[in-house]
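First comes the structure, then the notes that go with it.
The values are calculated or read from the model by the stated rules, or taken from the named source; none is laboratory data. Only a predicted model underlies this, so the values are computations on that prediction, with no experimental measurement involved. For neighbour counting, all protein chains shown are included, and Cβ atoms are generated from backbone atoms with ideal geometry for every residue, glycine included. To get the accessible areas, we keep the full protein, side chains included, count just its heavy atoms, and leave off ligands, DNA and RNA. Shrake-Rupley method; radii C 1.70, N 1.55, O 1.52, S 1.80 Å.
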Amino acid sequence: MASTDNLVKLVQLRTAMTRVKTELDNLDARNFGDAAVADGQIKFFAKAGDTTPLKTLDLPEELFLDQVRTSFVPTFLFSNASYPDATNPNLDGKPVLVLAVKGDKKTDPTLTYSFVNLEKLVDTYTAGNGIDITENVVSAKLDPATDNILTVSASGLKGTAKVAGATQGNIAVFGANGANGAIVDSGYTVAPDADINTMLTNVFGA
């Protein structure tokens with residue numbers, strides 16, 4: 001090991017100083033004078049306006065809900081073509097909310113699917129006798145038979161018993177001979193008091 005007390009020549013000192021300057025220049029070149037965030041990376045530059053970064057750091061991919069692919073499917077049917085790389089949730093035939101989550105990378109962005117079963121939140125109604133369900137609208141069906149006395153309006157169902165061709169004041173009776181109990185016009189009216197008095201006078205005298 002050389003003694004630290006030895007004298008050096010000027011040329012040797014120049015060599016040492018040149019080495020020091022070279023190292024300092026290298027350190028100066030590594031100073032970050034500017035930074036930018038682009039393409040999912042933080043980029044550090046020696047000075048503002050440089051286009052070649054001294055160092056880059058990859059940022060985690062930003063994920064967001066893809067509004068185009070996110071949808072409510074009333075009757076779900078899983079397929080690899082519709083939901084690539086997803087696991088079949090075994091919810092076919094059920095009302096399902098499909099959530100699509102997409103990354104922001106320009107090349108090969110992340111795309112994942114989640115499936116939420118809404119069966120417990122969505123009531124499914126089945127039409128029974130006399131009821132019709134069309135496009136979430138429930139309505140009553142009317143039998144087209146000519147003897148049906150029901151009608152329907154914006155106010156609701158209404159039943160009105162009418163006899164076609166009946167005479168005002170006549171007594172209504174149930175039809176016979178296979179008329180199945182239909183109400184018909186008897187052709188008779190209730191006698192007025194004057195007719196009763198005339199009949200009594202004719203029988204008993206004035």
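Computed over segment 49-194, the P(r) tail beyond 19 angstrom holds 75 percent of alpha carbon pairs. Summed over the residues of segment 34-112 and divided among them, the accessible surface reaches 69 Å² per residue at a probe radius of 1.4 Å.
Using alpha carbons only, how many degrees (0 to 90, rounded to 10) separate the axis of helix 10-29 from the longest principal axis of the chain? For helix 10-29, the angle is close to 0 degrees.
Protection proxy ranking, highest mean first, for peptides 90-102, 182-194: 90-102, 182-194, where packing is the per-residue count of other beta-carbon atoms within 10 Å, averaged. Relative to the longest principal axis of the Cα atoms of the chain, the long axis of helix 193-204 makes an angle of roughly 20 degrees. The reciprocal of the average 1/r between distinct C-alpha atoms defines the Kirkwood hydrodynamic radius, which for segment 42-110 equals 15.3 Å.
From the cross-link list 21/47; 43/106; 47/102, which pairs have alpha carbons spaced over 26 Å apart? Going by Cα-Cα distance, 47/102 fall outside the 26 Å limit. Estimated from the Cβ-Cβ distance and a Förster radius of 45 angstrom, the FRET efficiency linking residue 97 and residue 158 is about 0.60. Here the gap between residue 51 and residue 120, fully extended at 0.36 nm per residue and compared with their Cα-Cα distance, gives a gain of 19.2 nm.
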